[in-house]
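Asker: I am attaching a structure below and will ask some questions about it afterwards.
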Amino acid sequence: MKTVLQFLLRKITKKVIKKYNPFVIAITGSVGKTSTKEGVYSAFSHLKRTAKSGGNLNTEIGAPLVFLKQERAGQSIKEWFFILLKGLWILLKRDSNYPEVVVVELAADKPGDIQYLAGFIKPNVAVVTAVGDVPVHVEFYKSPGEVAREKEKLVAALPKEGVAVLNLDDPHVAKMKTGAKKLTFGFSKNADVIIKKINVESIKGSSIILGYKEKKFPIFLSGCVGDSFAYIAASVFAVGISLGIDCQKIPEMIERMRPSVGRQFIVMGKNETTIIDGSYNAAPPSMHSALKALKDLPGKRKIAVLGDMLELGTFSAEEHRKIGRSAAEFCDYIFTVGEWGEEVRKSAISRGAKEETVFAFSKSSQVLEKLGKILQQEDLVLIKGSQGIRMEKIVFGIMRDPERSEELLVRQEPHWKNK
């Protein structure tokens, strides 16, 4: 069934793209894909008729759906039938409202994914957010370098007049080759778009200064806390340059950006506490970024609730130990969830955390009783872990307004709640 569906989606999507010829901005990387996609869309969608891929639909079956004007995947054979039927309708009829620009997120879960997707989703601009030394899904590759080479196939697919937007701070990304023009971003002084400063003063947001061609551009990102948003802002700025937008006008467009739920999203908690909700997913770079945000932001006490980072293969034990050591440096309490939680706990204690302040649980549902007893006014709580650990259940358990969960939390659809 999946093979047939994949074949039909590719066939129809390829013909739809050929017919309407949208300008395609494709985004890949081990972290930050969805937030970067949302940032690009929020900044520039008012300029032209623009569509973005829904949620995290970034696989060989999910990524084509945006070109068929679908925001969600089918949950049954019947639903997929109607999705394909709509694709055929778009192909056979002339849709006067078809998007002029498509912003699409592409994943490299296993070898061959990007090569397959780039084979028919032809990008005009390709953004690579980061690979890292231990990227997600590395268990399906021989090395992080192999992950990078897979993602490099996206920039290799660009036409000569295309633009590759690359994170110069990531050694794997910086080495990527393309026949297209390059625009780089990062803290590096050699980047085209330089992150000169980021100041995270409160949960209200972050002040950032970007540099481009010896000019400085101050930007305030409302509700966005942490270095990860500086990278997103810089990459969005570079995309704006690639689109030919006046660089003086780009900052106010970037300031439209807001964090997506579950991605360092601020949620008010019970007992006048504040939650940094990172429950959407986790990988070593994003976990360290979230911990840094927890450290930098004001709070009476700092509490880290950390779920497993999945799909790290042989790197799993050591990467979880690193997280424990980092959290021990400033956290008042540390909670862990999952099979690697004991590694986090032991490494935190070895770095000086008191045993009575570090707790390990196997499931997210087990955390709430202990966490609820500890919470006090003005506590700042980070909750983060991989999708499979279901850390949003913990956020739900301690959030101030649970009746707003569908608005404020990830994975609130019926099929997720039933899992």
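Asker: Report the antiparallel proportion of the DSSP beta bridges in the chain as a percent, rounded to a multiple of 5.
Answerer: Details: 22 of 64 bridges.
Just about 35 percent of them are antiparallel.
Asker: Quick one: helix 316-328 against the long Cα principal axis of the chain, what's the angle to the nearest 10°, folded into 0 to 90?
Answerer: Orientation of helix 316-328: about 60 degrees from the principal axis.
Asker: Which order results if H172, H288 are arranged by neighbouring Cβ count within 10 Å, fewest first?
Answerer: H288, H172
Asker: Here's a follow-up. Could you list, in their original order, any pairs among K48/K160; K14/K110; K2/K160; K249/K295; K48/K86 whose Cα atoms are separated by more than 30 Å? Kindly include the intermediate steps, with their values, before the conclusion.
Answerer: Working: K48/K160 23 Å; K14/K110 22 Å; K2/K160 34 Å; K249/K295 33 Å; K48/K86 23 Å.
Flagged as over cut-off: K2/K160; K249/K295.
Asker: Let me have the 222 nm mean residue ellipticity of the chain computed from DSSP H runs of 4+ only, each contributing -39500 (n - 2.57), with the sum over all residues rounded to the nearest 500.
Answerer: Helix-only estimate at 222 nm: -10500 deg cm²/dmol.
Asker: Using amide H atoms built in the peptide plane, which far-off residues or other-chain residues are under 5 Å from A360 H to H?
Answerer: T336
Asker: If I fit a long axis through the Cα atoms of helix 227-242 and take the longest principal axis of the Cα atoms of the chain, what angle between them do I get, 0 to 90°, rounded to 10?
Answerer: Result, in degrees: 10.
Asker: Moving on. Normalized C-alpha radius of gyration of the chain, against 2.2 N^0.38 Å?
Answerer: Normalised by 2.2 N^0.38 Å, the Cα Rg of the chain equals 0.98.
Asker: What ranking, highest mean first, results for peptides 209-219, 358-368 when packing means the other Cβ atoms within 10 Å averaged over each residue?
Answerer: 358-368, 209-219
Asker: Same structure again: Ordered by residue, what ³J(HN,Hα) values in Hz, to whole numbers, does the range 182-198 give under the Karplus form 6.51 cos²θ - 1.76 cosθ + 1.60, where θ = phi - 60° and Gly and Pro are x?
Answerer: Along the range 182-198, the couplings run 10, 10, 10, 9, x, 6, 4, 5, 8, 6, 5, 10, 9, 7, 7, 7, 9 Hz.
Asker: Report Rg(Cα)/(2.2 N^0.38 Å) for the range 265-413, keeping two decimals.
Answerer: Values: Rg = 13.8 Å, N = 149, 2.2 N^0.38 = 14.7 Å.
Output field value: 0.94.
Asker: Right, next: Before anything else, pin down the relative contact order of the chain: Cα pairs under 8 Å, at least 6 apart, normalised by residue count, whole percent.
Answerer: Dividing the mean separation by the residue count of the chain yields 13 percent.
Asker: Given Cβ point charges of +1 (Lys, Arg) and -1 (Asp, Glu) and nothing else, what value in debye, to the nearest 20, does the dipole of the chain about its Cα centre take?
Answerer: 1340
Asker: I've got another one for you. Counting other C-beta atoms within 10 Å, which of L382, L168, L88 has the fewest, and how do the rest follow?
Answerer: L88, L168, L382
Asker: Quick one: compute the contact order of the range 265-413, relative version, from alpha carbon pairs under 8 angstrom and 6+ residues apart, as a percent.
Answerer: Relative contact order comes out at 36 percent.
Asker: Ranking S53, S222, S188, S279 by Cβ neighbours within 10 Å, fewest first, what do you get?
Answerer: In increasing order of surrounding Cβ atoms, one gets S222, S188, S53, S279.
Asker: Taking Cα atoms, how many degrees apart are the long axis of helix 77-92 and the longest axis of the chain, rounded to 10 and kept between 0 and 90?
Answerer: So the helix axis and the longest Cα principal axis differ by about 40 degrees.
Asker: Could you list the trypsin sites (Lys or Arg not before Pro) in the range 296-327 that lie in coil according to DSSP, counting only those with at most 14 other Cβ atoms within 10 Å of their Cβ?
Answerer: Listed in order of number, the matching sites are K300.
Asker: Of all GluC sites (Glu not before Pro) in the range 304-391, which ones are in loop regions per DSSP and have a Cβ with at most 14 other Cβ atoms within 10 Å?
Answerer: E329, E339, E378
Asker: Another question about this same structure. What whole-number volume per residue, in cubic angstrom, does the convex hull of the C-alpha atoms of the range 222-336 give?
Answerer: Per residue, the Cα convex hull of the range 222-336 comes to 124 Å³.
No lab work stands behind these numbers, since they all come straight from the coordinates. Predicted, not measured: the structure shown is a model, and the values here were computed from it. Note that each Cβ is placed from the backbone with ideal geometry, even for glycine, and that neighbours are counted across all protein chains shown.
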